[in-house]
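The values are calculated or read from the model by the stated rules, or taken from the named source; none is laboratory data. In this text, all values refer to a predicted model and were calculated from it rather than measured experimentally. Glycine gets a Cβ as well: all are built from the backbone with ideal geometry, and neighbour counts include every protein chain shown.
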Amino acid sequence: MSTPQPPQAPPAWPATPDSRTPGYTSPIPVVRTHLGHAIASEWTKIRSVRSTMWTLGVFVLLVIGIGLGTGALVASSSSDLGGESPLALGFFGLLLGSMCVITLGVLTTASEYGTGMIRTTMTACPSRGRVLAAKAIVFFLVAFVVTLVAASVVALAQASMLENHGARVPTGSEWFKGTVGVSLFIALLGLLSLVIGSIVRHSAGAITIMIGLLLAPLVIALFMFAESLSKVRTGLLEYSIPNQLSVFYSNSLTSSGPTGWDPLWIALGVTAVAFAGAFVLLEKRDV
Amino acid sequence: MIELEGLTKRYDEKLAVNNLTFTVRPGVVTGFLGPNGAGKSTTMRMVLGLDHPTSGDVRIDGKRYDQIEDPLRYIGALLDAKAVHGGRSAFNHLLCLAQSNGIPAARVHEVLDTVGLTGVARKKAKGFSLGMGQRLGIAAALLGDPRILMFDEPVNGLDPEGIHWIRTLMKSLAAQGRTVFVSSHLMSEMALTADHLVVIGQGRLLADTSMADFIAKNSRSYVRVRSPQRERLLDVLHEAGITVVETGGGALEVDGGKAEPIGELAARHQIVLHELSLQQASLEEAFMRLTAQSVEYHAHSEAPGGTWAQPVPRGEWGADWKKGA
């Protein structure tokens, strides 16, 4: 027998660094992680903070409250809708409510930078694109489902309230646009906010940018009196987010501009470009 | 095993980490020491792929961090105890981390129990004290039962009981064969926990040595003597050829030596002693001398040479380690 080894004798180091070094082996089974894990994680995150409950709670209150309110107002008055679709009354609630969705979208990404949680998140999932994708998927689905439920409740209520007030019966495609269509548009608006939050990394800054995007074109257009600016003015009006939202109810504020499903394609394009930008920045920057 | 190879990080004009090359081995606690702003946290962030190195490379068991499929199972890190969303409960914070790496939820309860936070698992993290936040961060690091653990200043804000707990925890983790890499700006803390020591200053490697070697090289021992018959004692010691340094408060210091011969000498000459004690110069002083040197290197813009800056060659490492153990 030779001299006894010290109790913590170092194992012989392998010459090649890429083979796993000897050492501790955990009894927990090893799992190859994928997007599904990141989505489960983001779902836990979004449901476990109070800001989600607040923003979505206020959103539902605004959409249903204002929707039922305007419905009741029109129903109680002697006025006649003159063959208009009753679904159009859902517009006001959704326009105000969209600010809540914007806020939640921004908070989903930007709050992680504010709290420092992003370092923990990126350590747990070094694939930054996967984190952004998981956040986008979870947020989009949550925003879409909540908007769809709220918009559908309002649409059904208004249709039944205004049946005898000169409103015409909406067609199937009007129903579809007034519920699924607007919900997709609002959820995309929220998704754009999420992406802006990831780029700006600052909650207040990103919310300000998004509310500016929502309101500024309309407000600026209102003050463009000069004749020479009339083209710009019309463009701003037509492509302002409130007007695009109204297109889903086929009561656009303007006679020209986007029609049908155009607003959805525009929102999709803008969000896709912003998403690509956010992805590149995320890969390039330090966390 | 964490391997750093010429790791460099430049922020605008400031070189935060300057050409760091060293290896963190399994089975021991490696202390990562440096004054505030030396680049410890930046280095750790680069290990975790949070910051991109300006140049150089860092590998974890041969892989870049973003190539690891199950990072929490591989390396657990406590970088910043505040890196949590304050509105989320401790349980949900750990749950979302576990889910992202496919770790069973039962493990969340286990680590909460390990760090002693089970009672406040459903409480929001923003109500946590600094020490509780630190424990939550450690729970997150332990979540995946990883083979490598990295702690940035883990004892910050902990009470004495918590500090003792962390020391024991780190030693037991290393004893299980895991790689433990822990940073601190306190030499005294490292002396109690670390087996191996990596010292940096101004982003530059100053020492990569075993703790035992560091202590042997840097600790100065001396005997402190106090006596009401100070003048006589001085004469006697002088006659015996012992060099004495007079210090404030009437005490005398005798370099190196042992206390016994001085005591016997005094007894033979019937000198009353009020104190006769063996003293060790603190490692803190040695550490400060070492890091002060880095400032000099920097000012004279010399090459990062000197005996300290030599990275330990790979082949000799085991021998070095045995000495340290």
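Brief remarks follow.
- A:Val169 being free of Cβ contacts under 8 Å to residues at least 60 places away in the same chain and surrounded by fewer than 17 Cβ atoms within 10 Å (Cβ to Cβ): yes
- Of all residues in the stretch A:18-25, none are farther than 30 Å from B:Gly62 by Cα, of a type in the set (Gly, Ala, Ser) and either in contact with a Lys or Arg (Cβ under 6 Å, 6 or more places away or on another chain) or modelled with pLDDT of 50 or more (or both).
- Given (1) under 26 Å from A:Gly57 (Cα atoms); (2) among the basic types (Lys, Arg); (3) away from every other protein chain (no Cβ under 14 Å), index of the condition A:Lys135 fails: (3)
- Qualifying positions in the stretch B:59-115 - under 17 Å from B:Met44 (Cα atoms) and among the β-branched types (Val, Ile, Thr): B:Ile60, B:Ile68, B:Ile75
- When B:Tyr222 is tested against (1) surrounded by 15 or more Cβ atoms within 10 Å (Cβ to Cβ); (2) part of a helix (DSSP H, G or I); (3) not β-branched (Val, Ile, Thr), just one condition goes unmet, and that condition is (2).
- Within the stretch B:212-243, the set of residues being of a type in the set (A, V, I, L, M, F, W, C), within 18 Å of B:Glu285 (Cα to Cα) and out of contact with any helix residue (DSSP H, G or I) (no Cβ under 6 Å at 6 or more places or on another chain) comprises B:Phe214, B:Ile215, B:Ala216.
- For the stretch B:10-26, the count of residues that are of a type in the set (S, T, N, Q) and more than 23 Å from A:Arg285 (Cα to Cα) is at least one.
- Any chance B:Thr54 is buried (at least 22 other Cβ atoms within 10 Å of the Cβ), under 25 Å from B:Gln202 (Cα atoms) and of a type in the set (Ser, Thr, Tyr): no
- Screening B:Met150 on (1) within 14 Å of chain A (Cβ to nearest Cβ); (2) within 16 Å of the chain's Cα centre (by Cα); (3) part of a helix (DSSP H, G or I) shows it passes everything except condition (3).
- Only one entry in B:Leu97, B:Leu72, B:Leu79 is crowded, with 22+ Cβ neighbours inside 10 Å and touching a Pro at 6+ places or on another chain (Cβ under 7 Å), namely B:Leu72.
- The stretch B:84-93, subset facing another protein chain (nearest Cβ under 8 Å) and surrounded by fewer than 24 Cβ atoms within 10 Å (Cβ to Cβ), residue nearest to the chain's Cα centre (by Cα): B:Gly86
- Failed item, numbered, when B:Thr30 is tested on (1) closer than 28 Å to B:Gly131 by Cβ; (2) modelled with pLDDT of 95 or more; (3) over 15 Å from the mean Cα position of the chain (by Cα): (3)
- When residues of the stretch B:170-184 are limited to those that are aliphatic (A, V, I, L, M) and either within 14 Å of chain A (Cβ to nearest Cβ) or surrounded by fewer than 19 Cβ atoms within 10 Å (Cβ to Cβ) (or both), the one farthest from the chain's Cα centre (by Cα): B:Ala175
- Test: residue in the stretch B:129-140 that is farther than 30 Å from B:Met187 by Cβ, touching a residue at least 24 places away in the same chain (Cβ under 8 Å) and either at the interface with chain A (Cβ under 10 Å from one of its Cβ atoms) or not basic (Lys, Arg) (or both): no
- Residue satisfying condition, being in contact (Cβ under 8 Å) with a residue 12 or more places away in the chain, assigned to a helix (DSSP H, G or I), surrounded by fewer than 16 Cβ atoms within 10 Å (Cβ to Cβ) and hydrophobic (A, V, I, L, M, F, W, C), within set A:Ile199, A:Ile209, A:Ile220, A:Ile266: A:Ile220
- Subset of the stretch A:269-287 (residues that are under 30 Å from B:Ser41 (Cα atoms) and part of a helix (DSSP H, G or I)): A:Gly277, A:Ala278, A:Phe279, A:Val280, A:Leu281, A:Leu282, A:Glu283, A:Lys284
- Leading residue by the ranking (farthest from the other protein chains (Cβ to nearest Cβ)) among those in the stretch B:51-73 that are of a type outside the set (D, E, K, R) and under 22 Å from the mean Cα position of the chain (by Cα): B:Val58
- Search result, residues across the stretch A:227-252 that are buried (at least 16 other Cβ atoms within 10 Å of the Cβ) and outside any helix (DSSP H, G or I): A:Ser240, A:Phe248, A:Tyr249, A:Ser250, A:Ser252
- Tabulated pairs, the stretch B:94-122, first more than 10 Å from chain A (Cβ to nearest Cβ) and within 27 Å of B:Glu161 (Cβ to Cβ), second outside any helix (DSSP H, G or I) and of a type in the set (Ser, Thr, Tyr), C-beta under 7 angstrom, 6+ apart or interchain: B:Ala121/B:Ser89; B:Arg122/B:Ser89
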